[in-house]
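I have placed the structure first, in the form of structure tokens, so that the comments after it can refer back to it.
The values are calculated or read from the model by the stated rules, or taken from the named source; none is laboratory data. Just so it is clear, the structure is predicted and the values come from calculations on it, not from any experiment. Cβ atoms come from the backbone with ideal geometry, glycine included; neighbour counts cover every protein chain shown.
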Amino acid sequence: MKKLLKHIDLKKLAIRLLFVAFVVSTIILANNERKKIPCVKINVNIIDSSGHQFIDKNQILTLIKNNHINTVGYPIDSVNTLAIEKIVKQHPSVKSVRSYCSVDGSLYIDIRQREPLFRVINYNGESYYIDKTGKMMQLYDKYTARVLIVNGNINEPFESRYQLKFDKHSFDDEFQRGKILSDLYKLVDYMSKDSLWKTEIQQIYVESDSNFVLIPIVGMHKIIFGDIENYKIKLRNLKAFYKNGITKKGWNKYSEINLKYENQIVCKRRKYAL
């Protein structure tokens, strides 16, 4: 032990111990002081508000107030950010939320909204969105998203099925009725990633035999699409026809473009030229 002490610089050791004690005491003091800092303001940041306006700051503040969560005027250490996240996440238009406090007394709530992919109007007249994750999303009085419309022979009520996701490739027998929405989701999701179809197709009508009819923005024709089988090939062929056929002969020459037949496009001429 004596030999060991000879090799230790007691002065340096004492300085190091004092430094460690200083750092620890500073951290403890800072934490104690932080507990006294009051929350002075709430910053609600809706990250994608330029795209959609399903949520606004006042709605979030009302949610927090109605749930009696300590915020402005209370020490930031008493602000329950986890409770805030849980409450805000319950809003049907919220995709994700992150809440935290800063040392200057600010409470931050960062929110991402759910993004609608298309709007469904079922045969009973009920309307709702399917979002980009494949889930149902209710409409709002204050804001309407400009997305593709799907209507016709769709029997999918919102209330009994809003918890389902329609991006799956197969369903249990109990949920087999969801296959139409599953097919629509795959088709619209694929079209939304293509600059041409994203802007050209404004509506899809579902016929009684579960075949789809696409309604374009440009031209006075309708597109008989058929079912979901080979949908990528059908769209590829249609794009080639748009580029090499329709643009040369005029958008209004045909009343119908049929994609139901394998690897071919059958057009019906309009009876009277416009």
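Only residues that are small (Gly, Ala, Ser) and either over 18 Å from Gly134 (Cα atoms) or out of contact with any Phe, Trp or Tyr (no Cβ under 8 Å at 6 or more places or on another chain) (or both) were counted in the stretch 84-98, giving 1.
Taking first residues from the stretch 227-256 that are at pLDDT below 85 and partners that are among the aliphatic types (A, V, I, L, M), the Cβ contacts under 7 Å between residues at least 6 apart in sequence or on separate chains come to Trp251/Val218; Asn252/Met220; Asn252/Leu274. Look at (1) closer than 24 Å to Asp183 by Cβ; (2) part of a helix (DSSP H, G or I) and you find that Asp77 fails only one, number (1).
For the stretch 62-102, taking the residues that are of a type in the set (D, E, K, R) and over 23 Å from the mean Cα position of the chain (by Cα), the one that is surrounded by the most Cβ atoms within 10 Å (Cβ to Cβ) is identified as Asp77.
Name the strands (runs of 3 or more DSSP E) wholly within the stretch 85-177 that hold at least 2 residues that are under 23 Å from Gln59 (Cα atoms) and modelled with pLDDT of 90 or more? Where strands (runs of 3 or more DSSP E) fall fully within the stretch 85-177 and carry at least 2 residues being under 23 Å from Gln59 (Cα atoms) and modelled with pLDDT of 90 or more, they are 94-101, 106-113, 127-131.
Against the definition (surrounded by 14 or more Cβ atoms within 10 Å (Cβ to Cβ), under 21 Å from Leu214 (Cα atoms) and touching a Gly at 6+ places or on another chain (Cβ under 9 Å)), how does Ile130 come out, yes or no? No: the conditions fail for Ile130.
Summed over the stretch 50-69, residues that are free of Cβ contacts under 8 Å to residues at least 60 places away in the same chain and either of a type in the set (S, T, N, Q) or not in a helix (DSSP H, G or I) (or both) total 10. Taken as a whole, the structure places Ser102 among residues that are more than 27 Å from Asp131 (Cβ to Cβ) and among the small types (Gly, Ala, Ser).
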